[in-house]
Amino acid sequence: MANTIKNKTNNPAGRPKGTKNKLRVTDFFNGDERDELIMNAKMLAFGDSEKDIRPDKDMIKFCWEQLFGKATQRTEITGAEGDALQIIFDNSFKK
């Protein structure tokens, strides 16, 4: 058996940037099916009072992320008790 490296493919160059042959979900539906899928997603996201369907916040989030991408997460790192973070460099690992 050949030695394999984790997360390494047999095609190190990968797909060249700009290629258009990547399949999308919409490639599997015709126009009418795509329109119906969009209408169902909108109905689940916003609800329908006639059919007694309540708005679904997870579906709203999913639709939002599909349209605009995921929101960036801001991370703030502070030191003890909210003070400024102190970074100390030392040479303990230097040989």
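Scanning segment 16-47 for residues that are more than 21 Å from Leu67 (Cβ to Cβ) and modelled with pLDDT of 85 or more yields Asn30, Asp32. Tallying residues that are out of contact with any Phe, Trp or Tyr (no Cβ under 8 Å at 6 or more places or on another chain), within 22 Å of Met59 (Cβ to Cβ) and part of a helix (DSSP H, G or I) within segment 18-40 yields 11. With respect to the stated conditions, Glu50 is charged (D, E, K, R), modelled with pLDDT of 75 or more and not in a helix (DSSP H, G or I). Flag not set for Asn30, criterion: without any contact (Cβ under 8 Å) to a residue 12 or more places away in the chain and surrounded by 11 or more Cβ atoms within 10 Å (Cβ to Cβ). When restricted to residues that are over 22 Å from the mean Cα position of the chain (by Cα) and either modelled with pLDDT of 85 or more or surrounded by 10 or more Cβ atoms within 10 Å (Cβ to Cβ) (or both), segment 56-84 contains 1.
The values are calculated or read from the model by the stated rules, or taken from the named source; none is laboratory data. Just so it is clear, the structure is predicted and the values come from calculations on it, not from any experiment. Positions of Cβ are generated from backbone atoms using ideal geometry, with glycine treated the same way; all protein chains shown enter the neighbour counts.
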